[in-house]
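The values are calculated or read from the model by the stated rules, or taken from the named source; none is laboratory data. In this text, all values refer to a predicted model and were calculated from it rather than measured experimentally. Here the Cβ positions follow ideal geometry from the backbone for every residue, glycine too, while neighbour counts run over all protein chains shown. Only protein heavy atoms, including side chains, enter the accessible area calculation; ligands, DNA and RNA are left aside. Shrake-Rupley method; radii C 1.70, N 1.55, O 1.52, S 1.80 Å.
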Amino acid sequence: SLAPGVVNPDGNPNIHGGSLYSNQYLVDGVNTTDPVTATFGTNFNFDAIQEVSIQTGGYDAEFGQALGGVINLVTKSGGNEFSGSLDLRYSDNSFAEGGEHFDPDQQDSVFQQYSGTFGGPIMRDRVWFFASVENAVSEQTPAGASLTRKFDGLNWIGKVTWQAND
């Protein structure tokens with residue numbers, strides 16, 4: 001929503017007057033647009049993203065289904081050195097501060113997110129791998145509600161890249 005010509009009124013970007021159904025979402029150049037919601041169809045760890053490209057106009061005919069914009073995420077690839085990352089996050093309602101219109105003790109909430117990446121060589125200077133996994137767990141019981149909303153999501157990707165010669 002920081003790109004020129006983009007507004008984000010309802011959580012999904014509207015680009016140059018197009019509706020949220022006018023965008024095309026790509027991962028490594030492959031269309032991953034959800035055919036039902038017409039929004040992004042893939043979730044994965046933010047640490048797996050190498051680059052984000054947003055085209056808001058003037059794109060080629062290969063993106064013919066997009067009337068609004070084209071959002072392409074390029075995922076990381078492994079290299080000749082082993083590397084990785086680990087990201088652990090936790091919060092609950094005890095982290096929130098009360099105020100005039102909010103009492104954190106009236107609402108139970110827990111959020112846990114554990115993610116990691118790992119990549120490296122399979123054959124030095126020829127074949128590399130990259131993997132990413134994320135587990136996100138949340139529970140939330142709004143004030144006065146009798147039911148708790150629970151979510152447990154596991155997102156992962158794996159990638160092998162190669163080149164024929166140096």
- prompt: Per-residue accessible area for residue 110 at 1.4 Å probe radius, Å² rounded to 10?
  reply: 50
- prompt: Points 7 angstrom from Cα along the Cβ direction at residue 111 and residue 89: gap in nanometres?
  reply: 0.6
Spin-label proximity, residue 16 to the range 25-62 - amide N less than 19 Å from point 7 Å beyond Cα toward beta carbon: 25-26, 53-62
task: Kindly list the residues of the range 108-143 that lie in the label zone of residue 46, defined by a backbone N under 18 Å from the point 7 Å along the Cα-to-C-beta vector.
output: 111-118, 132-138
- line: With a ≥ b ≥ c from the Cα gyration tensor eigenvalues, square-rooted, and the rule rounded for a/c under 1.5, otherwise prolate when a/b > b/c and oblate otherwise, the chain is oblate
field: Simple label model, 7 Å out from Cα along Cβ direction - residue 126 to residue 67, nm
entry: 5.0
message: I want to verify a result. In a Gaussian network model of the chain, Cα cutoff 10 Å, which of these has the top mean-square fluctuation: 142, 121, 13?
response: 142
message: Suppose accessible area is computed on protein heavy atoms with a 1.4 Å probe; arrange 25, 114 from highest to lowest.
response: 114, 25
message: Checking the a/c ratio against 1.5 first, then a/b against b/c, what shape does the Cα gyration tensor give for the range 46-133?
response: oblate
- line: FRET efficiency for residue 82 and residue 146 from the Cβ-Cβ distance with R0 = 30 Å, rounded to 0.05, comes out at 0.05
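Of the chain, which part is the longest with no GluC sites (Glu not before Pro) in a loop (DSSP not H, G, I, E, B) and with at most 16 other C-beta atoms within 10 angstrom? Provide the component values of the computation, followed by the final result.
Details: sites that count: 81, 97, 100.
After excluding every exposed loop site, the longest remaining stretch is 1-80.
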query: Which net charge results when you count Lys and Arg as +1 and Asp and Glu as -1 among the other residues whose beta-carbon is under 14 Å from that of residue 48?
result: -3
- line: Label model pair residue 155, residue 60: point-to-point distance (7 angstrom along the Cα→beta-carbon line) in nm is 2.9
statement: Ordered by number, the trypsin sites (Lys or Arg not before Pro) in the range 62-166 that occupy a DSSP loop and have at most 15 other Cβ atoms within 10 Å are 124, 126
- line: A student applying the Cα gyration tensor rule (rounded when a/c is under 1.5; otherwise prolate if a/b is larger than b/c, oblate if not) would label the range 44-86 prolate
field: Under the Karplus curve 6.51 cos²θ - 1.76 cosθ + 1.60, θ = phi - 60°, whole-Hz ³J(HN,Hα) for the range 17-24, x wherever Gly or Pro sits
entry: x, x, 7, 5, 7, 9, 9, 10
